[in-house]
Every structure is written in structure tokens, then in C-alpha cells.
Amino acid sequence: MWIMSRTPGRVRKGGALSSLAEAFSNALCACIIAYCVVSFFAGQAGLLAYRDLKGGIARMEERITALSSENARLADLRQGLASDPDKLVREARDIGYLRPGEKMVVFSGLSGAGQESEPAETELLRAGVSTGLPDRLIKILAAMTGAAVLLASLVMGAVQRQSRGIRTARQA
């Protein structure tokens, strides 16, 4: 766990204060690395959010294709209604228009062949919404990682000091 550790040829000076500074530097480096890695993969502008955006783009393109074909169908219908007055009257009757003096009779429970299906609901798009982890949570995760590295560095330093003390006691 020694990220910013002493080099093998360097002799340690300063004892406990030096190992505490080393533990803090290890924890700080671990915090920064954890923040960068988690942000890169799971942040609001990370790879997972990018994948979700690509899926949203694909859904939008499918919707555009469906709406374009519906638009073309309606344009053909409009052109047909403009050129054929009898077709215009039939379509007007299908949607419920009556001539003056006529009365409409509606039979319930019958499925009519002339009824059109319900239009598909449109999905609302929200701008600026990301599926990634909030930055605050990433900072908390990075701080927890740094605290774990600090604790591990302190424990490892204490174990090493203790083993050095036992070795020097045996040599004496």
C-alpha cells in the first residue's frame, strides 16, 4: 500500500511522524485515484451515463422514424382528401361530423373496422438528467477509500515498527 513510499536504498528518518505523513500521503493519493476512477466509470459524465445516452439516442431515432412514416401517411391522406370530395365526406362522417338535420346513432359494444387505434404516447425528454452517480456520493466513496488506506497504512506501519522492535531486541 505504499504509493508514495520510501525508495529501497533510502533510510527512514523521523520515526512515527514520518510514518504518519506517509500514511496521510497514501490516503490522499488513494482518495484522488478512487475519485477519478469512479467518476470515469459511474459518474454523471462517465461511461455508464454515456451508454444510457446512446440508448436514449437510439430510442429517439426509432421514434423519429415512426413519426416520419406517420407524417407521410397523413400527408397522403390530406392530399387524397383535397382531391376527392366524396372521400372527404366519408372521413368527416367517420370522425363524427353530421350534415345539418342528421342525427347520430351509436351502437356500443361493437368493434368497428373503421375505428383507428389510439395514438402512441410520447415519451417526454428531460434535459440535463444523467443516470450516473451524483458527485457528492463519489466524493463520499473516495473519502471512505482514503480512510481505509489511511487505516491500513497506520496498521502496517505499526506492525513493521513492532517487528523491527522485536528484531532489535533479539539482536541485543
Response to the item:
If we ask which residues in region 72-89 are surrounded by 10 or more Cβ atoms within 10 Å (Cβ to Cβ) and among the polar types (S, T, N, Q), their number turns out to be 1
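Residue-wise test of (1) aromatic (Phe, Trp, Tyr); (2) over 30 Å from residue 146 (Cβ atoms).
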| residue | (1), (2) |
| --- | --- |
| 25 | no, no |
| 30 | no, no |
| 38 | no, no |
| 42 | no, no |
| 78 | no, yes |
| 82 | no, yes |
| 87 | no, yes |
| 107 | yes, yes |
Practice prompt. Return the only residue of 68, 83, 25 being of a type in the set (Ser, Thr, Tyr), closer than 21 Å to residue 155 by Cα and modelled with pLDDT of 85 or more.
Written response: 25
Practice prompt. Within region 45-68, count every residue that is touching a residue at least 12 places away in the same chain (Cβ under 8 Å), over 28 Å from residue 140 (Cβ atoms) and of a type outside the set (A, V, I, L, M).
Written response: 2
Item to complete: Output the number of residues of region 29-70 satisfying the condition of being under 11 Å from the mean Cα position of the chain (by Cα) and of a type in the set (Phe, Trp, Tyr).
Response: 2
Worksheet item: Of (1) in a helix (DSSP H, G or I); (2) hydrophobic (A, V, I, L, M, F, W, C); (3) surrounded by 12 or more Cβ atoms within 10 Å (Cβ to Cβ), residue 64 satisfies all except one. Which?
Response: (3)
Practice prompt. Check whether at least one residue in region 36-44 is of a type in the set (A, V, I, L, M), assigned to a helix (DSSP H, G or I) and without any contact (Cβ under 8 Å) to a residue 40 or more places away in the chain, and report yes or no.
Written response: yes
Worksheet item: For the subset of region 100-115 comprising residues that are within 19 Å of residue 89 (Cβ to Cβ) and within 46 Å of the chain's Cα centre (by Cα), which member is modelled with the highest pLDDT?
Response: 112
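The values are calculated or read from the model by the stated rules, or taken from the named source; none is laboratory data. Here the structure is a predicted model, which is why all the values come from computation and not from measurement. Heads up, the Cβs are rebuilt from the backbone with ideal geometry, glycines too, and the neighbour counts pull from every protein chain shown.
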